Structures are given as C-alpha cells and as structure tokens.
1. Restricting the search to segment A:211-236, which residues are out of contact with any helix residue (DSSP H, G or I) (no Cβ under 6 Å at 6 or more places or on another chain) and either open to solvent by 30 Å² or more (accessible area, probe 1.4 Å) or small (Gly, Ala, Ser) (or both)?
2. Tell me which of these A:Tyr53 doesn't satisfy, since it passes every other one: (1) surrounded by fewer than 16 Cβ atoms within 10 Å (Cβ to Cβ); (2) part of a helix (DSSP H, G or I); (3) not hydrophobic (A, V, I, L, M, F, W, C).
3. Can you tell me how many residues in segment B:234-262 are assigned to a helix (DSSP H, G or I) and open to solvent by less than 30 Å² (accessible area, probe 1.4 Å)?
4. Tally up the residues in segment A:1-31 that are more than 27 Å from the chain's Cα centre (by Cα), at pLDDT 90 or above and at the interface with chain B (Cβ under 7 Å from one of its Cβ atoms), please.
5. Being in contact with a strand residue (DSSP E or B) (Cβ under 8 Å, 6 or more places away or on another chain), within 24 Å of A:Glu205 (Cα to Cα) and either among the polar types (S, T, N, Q) or at pLDDT below 95 (or both) is the requirement here; does B:Trp262 meet it?
6. Determine the pairs where a residue that is farther than 12 Å from A:Thr136 by Cα, located within segment A:214-227, has a partner that is among the aromatic types (Phe, Trp, Tyr) and open to solvent by 20 Å² or more (accessible area, probe 1.4 Å) with Cβ atoms under 7 Å apart, the partner being 6 or more residues away or on another chain.
7. Does at least one position in segment B:90-108 carry a residue that is over 29 Å from B:Ile288 (Cα atoms), at the interface with another protein chain (Cβ under 9 Å from one of its Cβ atoms) and part of a helix (DSSP H, G or I)?
8. Among the residues of segment B:19-73, which ones are open to solvent by 100 Å² or more (accessible area, probe 1.4 Å) and either within 12 Å of chain A (Cβ to nearest Cβ) or outside any helix (DSSP H, G or I) (or both)?
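The values are calculated or read from the model by the stated rules, or taken from the named source; none is laboratory data. Here the structure is a predicted model, which means the values were calculated and not measured. Here the Cβ positions follow ideal geometry from the backbone for every residue, glycine too, while neighbour counts run over all protein chains shown. We work out accessible area using only protein heavy atoms, side chains counted, and drop any ligands, DNA or RNA first. Shrake-Rupley method; radii C 1.70, N 1.55, O 1.52, S 1.80 Å.
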Amino acid sequence: MTAAERITITLLWAVGALVFVMLYGPAFMVVVLSFFDISRDGIDWGSFGFQWYARLGDNPQMLAALGNTLLVGACAVVLATALALGLAYYMKTGIRRGRPLLEFVIFLPFVLPAIITGISLLVAFRELGLERSLITVTIGHVVLILAIIYRMVMIRLESLEDSQIEASLDLGANGWQTFLHVVLPQLRSALVTSGLLAFTLSFDETLVTFFLVGGEPTLPIRLWAMMRVGFTPEVNALVSIVLLVTITLAVLGAMSLKETMARR
Amino acid sequence: MTDLSLAASGADPAIAGARAPHRRWLRRTALRLAVYGVPALLILVPLATFLVYSFWTTVDGRVVQSFTLANYVDFLAKPVYRGVFTGTLWLASIVATTSLIFGYIIAYLVWRLEGRLRYFLLLLSVIPLAMNYIVKIYAMRNILGYNGSLNWLLVHAGLIEAPSKLFIFNQTAVMITMAVIYLPYAILPIFLSLERVSPSLLAASADLGGRPGQTFRNVVLPLSLPGSIVGALFVMVLALGDYLTPQMVGGNQGFTFGRAIWSQFGMAFNWPFGAALAVVLLLSVVLIILVAAAISRHARVK
C-alpha cells in the first residue's frame, strides 16, 4: 500500500466513524435522556437515576398502545406465516405456471412505497364498509410481511430434496401427513428467523398503519401523537426499553438468518 | 412392504368408485382458487380500488362515483402541485445520492475486513433498521432544532455566534433527517454487490502489478457500482413516499409530495384527488424500478 492509499483509507474510516455516530446518535440520545429530569430550563444533570423507569405505569395510554402493538404483531406474524407456508408449499409441489405471477403480486407491497399500500387498503376497506380498527391494521401488516416469510420459507423448501416428499408419498402418507411430518420439521429455523424479522417489522410499522388505524393506536402512532408536545421522561424510558428489545430481536433474527443460510 | 404402502395409500380404484375424479377436481380447483384468490384479494383488489378511486370526484365532501379525469387535469393545471412534485423528486435524488456515497464508504470499509469484525460491523450497520422510525425522527428533531445539540456544538466550537434556525423546519432538515434514516437501507445492497465481485479478479489484478488503489478504480468500483446504484434507487423510492419525516421536521417550508397526498386523506378530505396524486407517485416509482431493473440486467450481461 502506498502512503496515499493508506491516508485515503484512514480518512475513509474517519468518515465511516462519523456516519456510525450519526446512525446511533439519535437513539443514544433518547436513552441518555431517559435517566434525567427535564424541566423548561433544560436537563437537570444531577438527577440521574431510574426514577422514570419506575414511573412507567403512570402512562397507561402508552402501555395500552404497547399492548396493541404486541397483539397486532403476534396476530400478523401467525396469519402471515400460515398463509406464506400454504402458498410456498403449494408452489413447490408440482409444476405451477402461476408462480412468477403470484410472487410478483406478493412482493408488490414490499417494493411500492408504504403510502401507496396504505391508501389502497384504506380505500378498499372503506368500500367494503370495514371500520378502521386493530383488525384493519393487522390485515395491513399481514400484507406487508407476507413477502419476507414466503421468501425465507421458499429458500428452505427449494433446498429440500424432492425425493423426500416422493418417498413419503410412496410410503403411503397423504399430502397433509407429508407436510406435517416430513416438510414442516425442516422448516423450523426458517420459520423462526422470518417470524422474528417480520415481528420487528410489524412492531415499528408506521407509514401504512397510519392510514388503517382507528381509535386504538399502536405504539408508533401513539409516539407520533406525543411528539407534538414533546416526549416526557417516562416516554423516553419506555422508548429506551423498546429500542433495547427490538435491537435484541433484530440481532437474534440476523444471527439465525446467518445460521439458516449457512445450513443450506 | 409393497402391500402395506398400497393398502395405506387408499388409491384403490375399486373402492373409491367413479365419484373420486370428480371430487379430486373440485378439491384442486378450490385449492387453486384459495392460493391465487387470497393474495389477489389482499393486494390486487385494494390496488385496483385505489386506481378506480383516482377517477372519481368529491362534491361537498362526498365521493361521487362517476368516471372523470378532473383530478389529473387539476394536478397538471395547478403549478403548486407540479412544483411540490419536482421539488420532492429533487429532494429524493439528493437523499439517494448521499446514501450512495456514504453507504458505499461504509460497505467498502466493512467489505475489506475479515472474520468476526467484518460480521460485527455489518450487523452494526443494519441494526438501525430495527430502531423505531418515529423515535429516530424525534431524536433528529432534537438534534437539529434551535436549542438542539448541533447548534450547541457549533456555538461552542466558535463556528457560529448564535444558534441557527437553518437546520430545522425547512427542506434541509427533511433532507438531513431522511439521509440519516434511509442510509442503512443502502448499505446492505451495496455490500452485497461488493460481495459479488469475484476474488479471482482481485487476485488477477494484484498479480498483474495493480496496486490496491488501481485495483479499486479499475476492478472493484466498475463491477460494484451498478448494484450500488440499484440500492440507492431503492432509497429514492423510500424518500419519495415518506410523509411523516417532512411533516415532523419540515415545518411549513418542508412540504413534500407525500405530505400533499397525505393531507388529502386528512384535513383536505378529498380522497379521489389524493388517490390521483398517489397514482402520479406510483408512476414515478414504477419508472425508477424499471431503471433499476435495466441497470441490473445490463450489469449481469457484461
């Protein structure tokens, strides 16, 4: 390496470090603020402590929103997983000419801007006479996360030997038994990984949810509403916990993704 | 063994009788209907409804279901909307370009590393994707604001005398915030396109006497750039459709096309017009996707 190249690389690392500070700075700030009292004059640096974590219960609306988010996420992941499993298994068994078309449709909400997906669902629900509620939010999340789960399940299914399914059928199992006892056990890691990633996605989803939410807000929507008046310290505390949990989930998801890919 | 499997398979035509093929046909059709019907119902039907909506109008706040091009004519006739549209395209291109530059730097640095550190830094660059979007906007607003950390830093460093209002509630604020929020979306695709550069080419370049800088300029960059641009275009799509970032940090000056669409579904309550604006957005996004697809196809042929 010449001196010029070494200097360039060092400079690039300096820029890179700055970028990482930019990426993590915002979240870091919220976490720091959650440990202090904030008054009109600014931050009271002497007030360090976990007092706001102890007072999380003072904000029942916030906790209700968190509960809604967890409920929506869990329902959406279960529904989307069932649907994705069915679709992927159907496409894998036998020659399906509709497969490219189906995959194109499933991937649409993933590629199109969230605002388009949100408006489409909003307009369709209104024409159907479906009131906005957590149910419409859940349907919206199913639409969004279907593609990820389908893709991950399909990758795993593609790596399975066809002979396994054929052998099972030859030995007298019907399609359902084959799926349950031969295919499903081998999909477990793919399902866990995609479920984790999908749940993280649903947990933070804001731009589609905004169009579909009714009287019961999810956490991001509630946070958005609170942002106009500024976050109170107990909101900072809750957000810090949420950040910790989602980042842990994402890391777990990424690690099991690496494993799933390695096992192929 | 053979006897057993025959008996268990139940495929004994003598017992099943003549009704079996008919029932099987019925089952297969029902299955096919479900497989294609459910995604169509969840995704295609809403999209179609939304397209149809853009050709309707409102009279006194009520939707009138008669075909008209009035919404599109309105969009084209009003310079305000056209201005916001081109302004947002410009904004999204800047966000995409910054994410290309900084995303490439990060991805390249990580790509050069080996072993655990490489995996760790890659993870570190995608984790921000899992951080709550609203929280990121909120924190960015605190950083960029009049009493924010950026102003505090600049004043204490002696670069400016008094806190500046230049960083909040304008287009610059929207641009900076979007650049920070959407950068991680670019890093991963750029990293993957670097990964696709064949190691044998790098070895060949080194064998032929190419210094690292030359290898980068003549081998790595040309081969990884198409995939990186595709990643940046993905960021552009995200920036184009965002309506909450401009609303929260943009103030009155930071009005974007996404906000214009959103306001039609909120305060303005003109859904058909909002749908028509969204169709315009959809068309530009489709165009961007086609460009991205063309770039990746071209790169693969080479």
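1. Scanning segment A:211-236 gives A:Gly214, A:Gly215, A:Ala225, A:Arg228, A:Val229, A:Gly230, A:Thr232.
2. Against the list (1) surrounded by fewer than 16 Cβ atoms within 10 Å (Cβ to Cβ); (2) part of a helix (DSSP H, G or I); (3) not hydrophobic (A, V, I, L, M, F, W, C), A:Tyr53 comes up short only on (1).
3. Within segment B:234-262, residues that are assigned to a helix (DSSP H, G or I) and open to solvent by less than 30 Å² (accessible area, probe 1.4 Å) number 15.
4. Residues meeting the conditions: 3.
5. Judged against the criteria, B:Trp262 is not a match.
6. A:Pro220/B:Tyr133; A:Ile221/A:Phe210
7. The answer is no; no qualifying residue exists.
8. If the condition is that a residue be open to solvent by 100 Å² or more (accessible area, probe 1.4 Å) and either within 12 Å of chain A (Cβ to nearest Cβ) or outside any helix (DSSP H, G or I) (or both), then B:Arg24, B:Arg27, B:Arg28, B:Arg32, B:Leu33, B:Leu41, B:Asp60, B:Arg62, B:Gln65, B:Phe67 are the ones that fit.
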